[in-house]
Amino acid sequence: MIHLFLNGLAASAGGGLTYLRNVVPQLSARSDAHATIALSLELRLELQDLPNISFLELPILDGSARRFWHEQSVLPRLIRESGADVLISAGNFALRKSPVPQILLSRNSLYISGDFFRDLRARKDYRLWLDTRIKGVLAKRSIQWADCTVAPSRAFADELQHWSGKDVTSIYHGFDRDMFFGDQRSLSPELEQKLDTDAGNLRLLFVSHYNYYRNFETLLRALPLIREGLSGRKIKLFLTCTLRPEGAPGGYRTERAAALVKQLGIGENVVELGAVPYGQLHHVYEACDVYVTPAYAESFAHPLVEAMASGLPVVASNLPVHREICGAGARYFPPFSARELADEVLRVASSKELVRDLAAQGTLRSQEFSWQRHVDQMIALASRLIANRPHGFQANE
């Protein structure tokens with residue numbers, strides 16, 4: 001039986017949480033693997049006790065630098081004490097001296113996104129610019145420290161490989177249909193009320209906490225153009241976040257987006273649902289007509305798979321990652337063009353045939369993603385690292 005040590009301390013929002021929520025049950029169900037999971041107390045309370053899983057609850061320190069150096073000093077001892085065979089570092093940063101072979105999961109596209117750094121300069125957010133630059137240096141060094149780096153899509157793996165000069169493997173993240181659609185409890189009355197709009201409305205959905213790289217402002221600028229093109233039909237854009245300053249994780253400032261809503265006069269068209277429990281997200285997808293994402297940086301995008309599995313046509317920014325994940329299940333537009341975003345939404349809204357075709361193609365494409373297959377491939381990769389480990393293995397320097 002292989003023993004994996006999974007460092008999940010960086011999982012605090014978005015894709016990191018989705019990853020652990022899905023991978024941990026898959027590891028638990030296997031008879032050929034045991035896993036020790038290092039995670040925050042908050043996330044530990046969310047995950048039930050599972051067979052074949054040992055949890056290590058560690059405090060999460062404030063500040064990325066403090067967290068990084070704390071992990072470098074504490075985790076090697078915990079890995080040795082656990083008896084693990086392979087370390088999986090799931091948060092973009094590797095241990096410099098891992099006591100066992102190490103797989104680095106790299107999924108943050110911001111460290112190599114020129115658009116993100118230009119955006120930060122335009123917003124004069126120099127603190128976040130510097131923080132991201134420093135993290136980028138550590139992420140690049142981490143690829144050198146790890147025995148193998150894994151990216152969640154081939155397009156992102158190619159970008160990392162070009163950036164780091166080191167081979168990067170691609171293993172798709174997955175999708176568990178039974179888990180995603182399994183919670184049949186009703187939404188809270190507050191969410192039900194927010195979703196309860198006139199049947200004739202065109203309902204757009206964007207699933208994301210607020211940040212800059214998901215490019216909310218381009219989507220907001222497209223709304224008046226879509227509204228104008230609908231010739232009297234009303235439009236609602238549902239967001240799974242709020243545009244209040246206290247509602248955005250990661251230090252992102254929402255003031256510009258909130259001001260844009262007022263400036264464009266689209267307050268009645270934008271519905272801020274706030275965070276929706278993961279188990280109930282499927283109700284939100286099912287209540288909408290079109291899924292839209294204008295993101296200008298991405299490494300996988302779980303909501304695209306969720307939307308396709310829910311039968312929604314997708315309108316996505318024209319990124320290599322989006323094209324790889326959605327294929328023929330989406331229509332594409334240049335990431336910063338509100339006009340072309342609006343045109344694609346209007347094209348979908350005006351054609352039942354196109355809606356049926358995109359929904360059918362997307363449903364088929366969503367079936368290509370499997371968390372079980374992801375875990376199978378990760379364990380196979382870990383087994384190869386063990387088999388190829390030289391006698392007297394020592395951590396990478």
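A few notes on this one:
- Pick from the stretch 293-338, criterion part of a loop (DSSP other than H, G, I, E, B) and without any contact (Cβ under 8 Å) to a residue 24 or more places away in the chain, ranking: farthest from ARG356 (Cα to Cα): PRO334
- Scanning the stretch 243-274 for residues that are surrounded by fewer than 13 Cβ atoms within 10 Å (Cβ to Cβ) and either part of a helix (DSSP H, G or I) or on the phi < 0 side of the Ramachandran plot (or both) returns PRO245, GLU246, GLY251, GLU255, ALA259, LYS262, GLN263, GLY267, GLU268.
- Among residues of the stretch 202-226 that are without any contact (Cβ under 8 Å) to a residue 60 or more places away in the chain and within 24 Å of ALA122 (Cα to Cα), those with a Cβ under 8 angstrom from a residue that is among the aromatic types (Phe, Trp, Tyr) and not in a strand (DSSP E or B), sequence gap 6+ or separate chain, pair up as TYR210/PHE216; TYR210/TYR252; ASN211/TYR252.
- Residue check, THR197 surrounded by 18 or more Cβ atoms within 10 Å (Cβ to Cβ) and under 28 Å from ALA248 (Cα atoms): no
- Hits in the stretch 337-369 (condition: surrounded by fewer than 19 Cβ atoms within 10 Å (Cβ to Cβ), in contact with a Lys or Arg (Cβ under 9 Å, 6 or more places away or on another chain) and polar (S, T, N, Q)): GLN367
- Selected residue [farther than 16 Å from ALA10 by Cβ, at pLDDT 95 or above and in contact with a strand residue (DSSP E or B) (Cβ under 6 Å, 6 or more places away or on another chain)] from ALA157, ALA122, ALA146: ALA157
- The lone exception for GLN72 - which of (1) among the polar types (S, T, N, Q); (2) surrounded by fewer than 20 Cβ atoms within 10 Å (Cβ to Cβ); (3) not in a helix (DSSP H, G or I) it fails: (3)
- The C-beta contact set for the stretch 19-36 (first residue at positive phi and in contact (Cβ under 8 Å) with a residue 24 or more places away in the chain, second residue surrounded by fewer than 21 Cβ atoms within 10 Å (Cβ to Cβ) and in a loop (DSSP other than H, G, I, E, B), distance under 7 angstrom, 6+ apart or interchain) is empty.
The values are calculated or read from the model by the stated rules, or taken from the named source; none is laboratory data. As the structure is a prediction and not an experimental result, all values here were calculated from the model. Heads up, the Cβs are rebuilt from the backbone with ideal geometry, glycines too, and the neighbour counts pull from every protein chain shown.
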